Structures are given as structure tokens and as C-alpha cells.
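Below you'll find the structure, written out as C-alpha cells, and then a few comments.
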Amino acid sequence: MADLRVLRVPHSTNVERIALAAGHKGLQVEWVDVDPDDRRVVREASGQDLVPVLLADDDTVVTDSPRILAWIEARFPTPALWPSDPGDAALADVFCHRFNEVWKGPPNRLAALLGPVGFDLSRLSGSESRAVDDDSARMRTWLNRFEERLDGVDHLCGDAFGICDVTAYPFLRYGVEAPPPGDDDPFHRVLHERGTFDAASHPRLTAWAARVAERPRG
Ligand SMILES: N[C@@H](CCC(=O)N[C@@H](CS)C(=O)NCC(=O)O)C(=O)O
């Protein structure tokens, strides 16, 4: 019997967060594959269209990956995803909130601008081109912050793998790898093309991505 039942679609960043958390805690996940073009199962279960959706054995339904991760931590506290020190745990929450509410802004805006024109920059207006330049610069600058954070520590929360890595890795991974065949999500293409980094530009971040890539998935 699985520990968790989760609705997913292919190539979902937010679904990978749940897989990483489950892998860390050694949980078995029953994945329910949903057709990305037919979200009726998701809507019927949760009243909205986005995945992941957690279906718990007590009929609880949880949407939104940060809320699902908090639910998993409360239900299966060991091994922990959040730092044990309350101050460090609060900082981890600030990191994750910023990642979700601020860091995702530029790539989301870039995908909204570039997707409809097939990534053909010549089809953008002058103000749209300037917006692309500004948000691309933000993505590059913020990669440097991650690099600085990893000075002397192996993970974004500190020494141990945890919630900051779970939150950021499924997005930052596109900086070192192209979307796989069949993944034509413009957001993922933006993450890859505008958020590129490597061992020469960001050695600590590149080593971190390789480290997290090896983590178990539920
Ligand atoms: N805030 C939500 C966002 C969920 C979300 O955007 N899920 C994507 C997959 S990663 C989705 O279902 N997108 C549906 C669509 O774009 O049609 C979370 O963190 O779970």
C-alpha cells in the first residue's frame, strides 16, 4: 500500500518537488497519470486544474506543491525536510516563499512573451524586447545569488538536503540540461535558454545540481 497518492502530468516541475520529498523520506507514491489536455480528473478531485494534487487516505485533498510539502512533513516528520533549528527553519520558509513568489516571476513573464511568437525575438515590439532583456538579466543575476549561497555548504538550506533544494531544483535543473524530448513547455525552454549555467560560470551551483540529480525519487 502506497504512502501517498498523487495526480501528475509529464514533465511537471511542481510534481518533481513531491517526488524528491517522498524519496528523501523513503515514501512510496502511487502516481496517477493525468492527460495534460484533459484535466477532468484533477478538477473533479480538487476543484481546480493544476497538479500536483495529493489524495490522502483519509479523503483529504491537498493542492499546491508548497502546501503538499508541508502536509508531507507534518504527516511523515522523519527524516525532516526543514532544518531543526527554528530560526533556520524560518529562513528556509523565507527562501521558499521568495523562490515561489519572486524568482519564478521573470521566467513566467518570459514564457508568456516568447511562447506565442515561437521564441522569434524579431516578432517582439520594442517594449517587449526590453522586458525580455530585463527579465533575462534578472535570471542571470539571481543565479549568482545561489552560487554565493553554496559557498561552504552543500545544500541551499545549509549542510543537509532539505526543503530549499526540493523547492528550487526542479526549476534550476534546466540551467544545466535541456528539456527532454516531448517536453515543449515554453517555461522549461526559458529556464534552459535564459537560466543557463555550467561548471565554469557557477561551479558550486553546477555541483549542487549534480548532487540533487542523484537523490532518490518517490
Ligand atoms: N502553485 C502550484 C502551481 C501548479 C502548476 O502550475 N502546475 C502545473 C504543472 S508544473 C500545471 O498543472 N499546469 C497546467 C497547465 O499549465 O495547464 C504548485 O506549486 O503546485
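Residues checked against (1) over 18 Å from A21 (Cβ atoms); (2) modelled with pLDDT under 95; (3) over 18 Å from the mean Cα position of the chain (by Cα):
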{"residue": "P77", "(1), (2), (3)": "no, no, yes"}
{"residue": "N108", "(1), (2), (3)": "yes, no, no"}
{"residue": "D165", "(1), (2), (3)": "no, no, no"}
{"residue": "Y169", "(1), (2), (3)": "no, no, no"}
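Filtering segment 36-79 down to residues that are small (G, A, S) and either more than 12 Å from the ligand (Cβ to nearest atom) or not assigned by TED's automatic domain parsing to the domain that holds S12 (or both), which residue is surrounded by the most Cβ atoms within 10 Å (Cβ to Cβ)?
The residue in question is A45.
Report, by residue number, each residue of segment 167-188 that is assigned to a helix (DSSP H, G or I), over 15 Å from L150 (Cα atoms) and within 14 Å of the ligand (Cβ to nearest atom).
Result: T167, P170, F171, R173, Y174, P186, F187, H188.
Of the numbered conditions (1) modelled with pLDDT of 95 or more; (2) away from the ligand (no atom under 11 Å from the Cβ); (3) over 20 Å from the mean Cα position of the chain (by Cα); (4) more than 26 Å from F99 (Cα to Cα), D33 satisfies every one except a single condition; which is it?
The number of the failed condition is (3).
Taking segment 6-30 as the region of interest, how many residues are surrounded by 15 or more Cβ atoms within 10 Å (Cβ to Cβ) and more than 13 Å from the ligand (Cβ to nearest atom)?
In the first step, residues of segment 6-30 are kept if they are surrounded by 15 or more Cβ atoms within 10 Å (Cβ to Cβ); the result is 6-9, 11-25, 27, 29.
Cutting the leftovers down to more than 13 Å from the ligand (Cβ to nearest atom) gives us 20, 22-25, 27, 29.
The total comes to 7.
List the pairs whose first member sits in segment 113-136 and is surrounded by 14 or more Cβ atoms within 10 Å (Cβ to Cβ), whose second member is at pLDDT 95 or above and acidic (D, E), and whose Cβ atoms are under 6 Å apart, counting only residues at least 6 apart or on separate chains?
L113/E128
Please enumerate the residues belonging to segment 41-63 that are farther than 16 Å from W31 by Cα and in contact with a helix residue (DSSP H, G or I) (Cβ under 9 Å, 6 or more places away or on another chain).
Q48, D49, T60 - these are the residues of segment 41-63 that are farther than 16 Å from W31 by Cα and in contact with a helix residue (DSSP H, G or I) (Cβ under 9 Å, 6 or more places away or on another chain).
For segment 44-92, what are the residues that are part of a helix (DSSP H, G or I) and of a type in the set (S, T, N, Q)?
S46, S65
Search segment 190-217 for residues being closer than 29 Å to R5 by Cα and within 16 Å of the ligand (Cβ to nearest atom), and hand back the single one that is surrounded by the most Cβ atoms within 10 Å (Cβ to Cβ).
Residue satisfying both the conditions and the ranking: L191.
Can you tell me which of D59, D37 is without any contact (Cβ under 8 Å) to a residue 24 or more places away in the chain and at positive phi?
D59
Counting just the residues of segment 137-159 that are outside any helix (DSSP H, G or I) and at negative phi, which one comes out surrounded by the fewest Cβ atoms within 10 Å (Cβ to Cβ)?
For segment 137-159, the residue satisfying everything is D151.
The values are calculated or read from the model by the stated rules, or taken from the named source; none is laboratory data. All values reported here derive from a predicted model rather than from experimental measurement. Ideal geometry is used to build each Cβ from the backbone, glycine not excepted, and the neighbour counts take in all protein chains shown.
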